[in-house]
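Take a look at the structure below.
The values are calculated or read from the model by the stated rules, or taken from the named source; none is laboratory data. Just so you know, these numbers come straight off a predicted model, no measurement behind them. Note that we place each Cβ from the backbone using ideal geometry, even for glycine, and neighbour counts take in every protein chain shown. Quick note on the areas: whole protein, heavy atoms, side chains included, nothing else; ligands and nucleic acids left out. Shrake-Rupley method; radii C 1.70, N 1.55, O 1.52, S 1.80 Å.
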Amino acid sequence: MTLPIRAEDAEAAARLTSAVRSVAPELALEIADEIQAKVASYAGHPEGRRHQLIEGAVAAAIEHLMAVAEGRPFANARVDDLFRQMGHGEAWEEGDLDATQAAFRVATQDAWRHLRDLARTHGLSAHALGVLGDRMFAYLDHLVEQTRIGYDVARRRLEADRGRARRRLLDALLRGTDGEALRSLASAAQWRVPERLVVLGLEHREVTVTDEQSTVLRQQVREVLAAGGVLDRVLVRPDGSGLLLLAPAPEVDEVVEVLEPLLERTGHRVGLGWPVGPSELRDALRWVRKMLTLAGSGIVPDGPLLHCAEHRTQIWLHAEPLLRQGLVQDLLSPLLAETPNSREILSETLLAWLESRDSARPSRRGWGCTPRRSATAGSASTSSSARTSTTRSSSCR
């Protein structure tokens, strides 16, 4: 970058740059004082480390600008790196670039005021001052960009680190970790563990899911949670072909509301547990997974949002498939020994009795059950008909 100064201004420009360089230390100190006085986030002791960093950055920027003004090559890698580190520091301190932008405005105004005063003192023409000003502002824009680069890099790294810390915290909660170990993980994840939590299992609509589809699902969920302002409140990690989410009980309705449009659009489903304490999370996850399995098998009505609380009985009945099958064989062996036709009739009668708890009113035909059964019963075997009649007369009266 060179400064196109006209020949008649060359001598004045040389005097100006020499004058600026001679007062550069004082100028850097003054600008650093101004920044700390006017930007609250940068306030601090005038001899503290923060002031020294600001002063060093300003001095480096002035030196680089003077080299540009004189048309000399200048190795700016060190200066660029310094400003990238400033952006990096803002990110690690959980700040934003608002304070940095304000500091640049203060520095630019102060530097431009000094430059105008010195230009008049050394007889620099308005044209030359304008060219120098353009170069100064262009270079300051470059430094702002370096700060943003450092900030963005650090933010991505922080988010990745925080994401890993939050996944470790979620896994620890599911393992039943408590005490100081849990508090340490929660501190690293910057997530307060509430007294009551809700497990959400998000399952992909496809039975077989590729790695690419799993990645897309994770990105979609993160984007909608972030857009809804709830991403920081939820712990998320992959779970098979879907995702496992953990939310504080008081905020789960808001999380579900944010997710619903995505579920309706994509056909994915979410199993929603009921609020539990941290020590019950492993059980809650098992219930949610069972809920999703039952929905996928058609045992319970499917839909985008499946509440475990609405299907507790089914979850309980299907918690131990082998045990349930054994109980069925033992308790219903007389029914299973019937012919298919008779078994259907008796099953309906049993269901009616269970639903009414022996309180169904007799119909005008003398049955407390559906009238159509009598016609079907006639085609059954004699023993079956007798057993059916006995069952009806004893349980449907």
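Inspect all residues belonging to region 317-325 and state whether any of them is of a type in the set (S, T, N, Q), under 20 Å from Val198 (Cβ atoms), open to solvent by 60 Å² or more (accessible area, probe 1.4 Å) and part of a helix (DSSP H, G or I). No, that holds for no residue. Please find, within region 290-316, the residue that is nearest to Pro238 (Cα to Cα) out of those that are open to solvent by 70 Å² or more (accessible area, probe 1.4 Å), at pLDDT 85 or above and not basic (Lys, Arg). Among them, the one singled out is Thr293.
Being under 20 Å from Leu285 (Cβ atoms), touching a strand residue (DSSP E or B) at 6+ places or on another chain (Cβ under 9 Å) and modelled with pLDDT under 90 is the requirement here; does Arg218 meet it? Here the answer is yes, as Arg218 does meet what is asked.
With respect to Ala32, determine if the residue is assigned to a helix (DSSP H, G or I), farther than 15 Å from Leu132 by Cβ and at pLDDT 85 or above. Yes: the conditions hold for Ala32. Restricting attention to region 309-324, the residues that are out of contact with any Lys or Arg (no Cβ under 8 Å at 6 or more places or on another chain) and touching a residue at least 12 places away in the same chain (Cβ under 8 Å) total 3. Answer yes or no: is there a residue in region 92-105 that is of a type in the set (S, T, N, Q), closer than 30 Å to Ser18 by Cβ, without any contact (Cβ under 8 Å) to a residue 60 or more places away in the chain and open to solvent by 50 Å² or more (accessible area, probe 1.4 Å). For region 92-105, residues of a type in the set (S, T, N, Q), closer than 30 Å to Ser18 by Cβ, without any contact (Cβ under 8 Å) to a residue 60 or more places away in the chain and open to solvent by 50 Å² or more (accessible area, probe 1.4 Å): absent. The number of residues in region 259-289 being open to solvent by less than 30 Å² (accessible area, probe 1.4 Å) and under 21 Å from Gly163 (Cα atoms) comes to 3. Arg282 meets all of the listed conditions (1) in a helix (DSSP H, G or I); (2) over 23 Å from Gly240 (Cβ atoms) but one, namely (2).
Every condition in (1) modelled with pLDDT of 80 or more; (2) out of contact with any Leu (no Cβ under 7 Å at 6 or more places or on another chain); (3) of a type in the set (A, V, I, L, M) holds for Ala57 except the one numbered (2).
Here Ser297 meets the list (1) in contact (Cβ under 8 Å) with a residue 24 or more places away in the chain; (2) more than 23 Å from Asp178 (Cα to Cα) almost entirely, failing just condition (1).
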